[in-house]
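Written out below as C-alpha cells is the structure these notes cover.
The values are calculated or read from the model by the stated rules, or taken from the named source; none is laboratory data. Everything numeric here is computed off the predicted structure, so don't read it as measured data. We place every Cβ from the backbone using ideal geometry, glycine too, and count neighbours over all the protein chains shown.
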Amino acid sequence: MIANKKIFLLITTVWTALILYYSIIPAPEVPGAGPTVSGTILHLAAYFVYGLLLRKTVGCFSSSKTKTIVFSVLIGIALGAFTEAIQLFIPNRFADIFDFAADAVGVFVGAKTTTMI
C-alpha cells in the first residue's frame, strides 16, 4: 500500500506541475485571441484527469469516500483559481471565468468518476 501512495503522489505531483507549466507560459500574440471551445475542452480534460488522480491520491490517505471527494475537488478548484489568477500577470494570457468553470466541472466529474470504477 505504501508503494501505491508514493506512485499516486508522484503521478499527481507531475500532473500538477504540467498544469502549472502550461498555465504560466506566455501565449503567442494572436490578434483577436480569446476563449475558444477547444480551450474549454482542454481545461475539462486536464482537470478531469486531475480529479481522477487527486481522488486516488487522497484516497490513499483517508478511508472516507465523501471526504476524499470533497478534499480532491477543493484542491482542484484551488489550483484552477490560482492558475487563472496568475494568468493576469503573464503576457498574452488572461483569466477567464469559463476556463475556471471548466476546471471545476472537470475536477468534480473526475473525482466522482473514480467512485464508479
Practice task
Name every residue in region 64-73 that is exposed (fewer than 14 other Cβ atoms within 10 Å of the Cβ) and not charged (D, E, K, R), in order of residue number.
Solution key: Ser64, Thr66, Val70
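Test Val37 against the stated conditions and say whether it is surrounded by fewer than 18 Cβ atoms within 10 Å (Cβ to Cβ), β-branched (Val, Ile, Thr) and at pLDDT 95 or above. Reasoning before the result, please.
Working: surrounded by fewer than 18 Cβ atoms within 10 Å (Cβ to Cβ): yes; β-branched (Val, Ile, Thr): yes; at pLDDT 95 or above: no.
When the stated conditions are applied, Val37 does not pass them.
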Practice task
State whether one or more residues within region 57-77 are in contact (Cβ under 8 Å) with a residue 60 or more places away in the chain and in a helix (DSSP H, G or I).
Solution key: no
Exercise for the section: Output yes when any residue across region 105-112 is assigned to a helix (DSSP H, G or I), in contact with a helix residue (DSSP H, G or I) (Cβ under 9 Å, 6 or more places away or on another chain) and surrounded by fewer than 14 Cβ atoms within 10 Å (Cβ to Cβ), and no when none is. Expected result: no
Exercise for the section: Please name all residue pairs, on different chains or six or more residues apart, with Cβ atoms under 6 Å, provided the first residue is in region 85-98 and is among the charged types (D, E, K, R) and the second residue is in a loop (DSSP other than H, G, I, E, B). Expected result: Arg93/Ala27; Asp96/Pro35
